[in-house]
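Enquirer: The structure that follows is given in the form of structure tokens.
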Amino acid sequence: MLLALAREAIESSLGLVSTEVYDSIKKSTSPFYQEKRGLFVTLKKRDGENSSSLRGCIGNLVGFSSLAESVASLAGEAAFHDPRFTPVRLEEMPSLVIEISALTRPKPISSYEQIRIGIDGVILSKGQNRAVFLPQVASEQGWNTEEMLEHLSMKAGLSPSAWRDNRCALEVFQAEVFSEEEP
């Protein structure tokens, strides 16, 4: 239902007005839809039979509103306001794959050796610089822990080795990942 809600939110912004999924979720008595959790909506564009490329990704590490409200809002943000990409166009919709990651609360760790690739998402912070990778990013890229931390450091605007600095803080979280595409 959350995946259908994300697609509905994007399509309605493109002029295909429907609130069927949203209305259904509003009527639901399931407490799941009311949870406040960190959430990311990722859009991928199918490039071929077995490959896809990132098309947008926006999220919050902490939940500010219900999952249903967050999914609808962040789907629109990922589709139209990710500064790395041009806004999604209607003709792209059939090739887009939506993925939702509902996060656990981040927890500080004392050593990078505690990171479990493919299980833990990682937040790296040093001063005002901060960056995050969802749990699936390192696995999808084929990175080991150190490679992932180098890329995360660069994403934060730091040198690749910044993660080794003892002033750098690391936090981990996990995610329930829902995708329109089977893994």
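To keep it simple, each residue is scored yes or no on (1) over 26 Å from Gln174 (Cβ atoms); (2) at pLDDT below 90; (3) in a loop (DSSP other than H, G, I, E, B).
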position: Ser18; (1), (2), (3): yes, yes, yes
position: Asp23; (1), (2), (3): yes, yes, no
position: Lys36; (1), (2), (3): no, no, yes
position: Gly48; (1), (2), (3): yes, yes, yes
position: Cys57; (1), (2), (3): no, no, no
position: Ser73; (1), (2), (3): no, no, no
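Enquirer: For region 68-95, which residues satisfy the criterion of being more than 11 Å from Val41 (Cβ to Cβ) and not charged (D, E, K, R)?
Expert: So the first thing to find is which residues in region 68-95 are more than 11 Å from Val41 (Cβ to Cβ), and the list is 68-69, 80-81, 83-95.
Selection gives Ala68, Phe80, His81, Pro83, Phe85, Thr86, Pro87, Val88, Leu90, Met93, Pro94, Ser95.
Enquirer: Now a separate question. For region 118-144, name all the residues that are out of contact with any Lys or Arg (no Cβ under 9 Å at 6 or more places or on another chain), within 22 Å of Asp165 (Cα to Cα) and not in a loop (DSSP other than H, G, I, E, B).
Expert: Result: Gly121, Val122, Ser125, Asn129, Arg130, Ala138.
Enquirer: Now for a separate question. Here are the criteria: (1) in a loop (DSSP other than H, G, I, E, B); (2) surrounded by fewer than 16 Cβ atoms within 10 Å (Cβ to Cβ). Tell me which single one Phe85 does not satisfy.
Expert: Result: Phe85 fails condition (2) only.
Enquirer: Same structure, new question: Restricting the first residue to region 77-92 and requiring it to be over 18 Å from Ser52 (Cα atoms) and at pLDDT below 95, which pairs with a second residue that is outside any loop (DSSP other than H, G, I, E, B) and of a type in the set (A, V, I, L, M, F, W, C) meet a Cβ separation below 7 Å and a spacing of at least six or different chains?
Expert: The qualifying pairs do not exist here.
Enquirer: Against the definition (of a type in the set (Gly, Ala, Ser) and surrounded by 11 or more Cβ atoms within 10 Å (Cβ to Cβ)), how does Gly48 come out, yes or no?
Expert: It is false that Gly48 is of a type in the set (Gly, Ala, Ser) and surrounded by 11 or more Cβ atoms within 10 Å (Cβ to Cβ).
The values are calculated or read from the model by the stated rules, or taken from the named source; none is laboratory data. This one's a predicted model, so the numbers in the text were calculated from it and none came from an experiment. Glycine also receives a Cβ, built like all others from the backbone with ideal geometry; neighbour counts cover every protein chain displayed.
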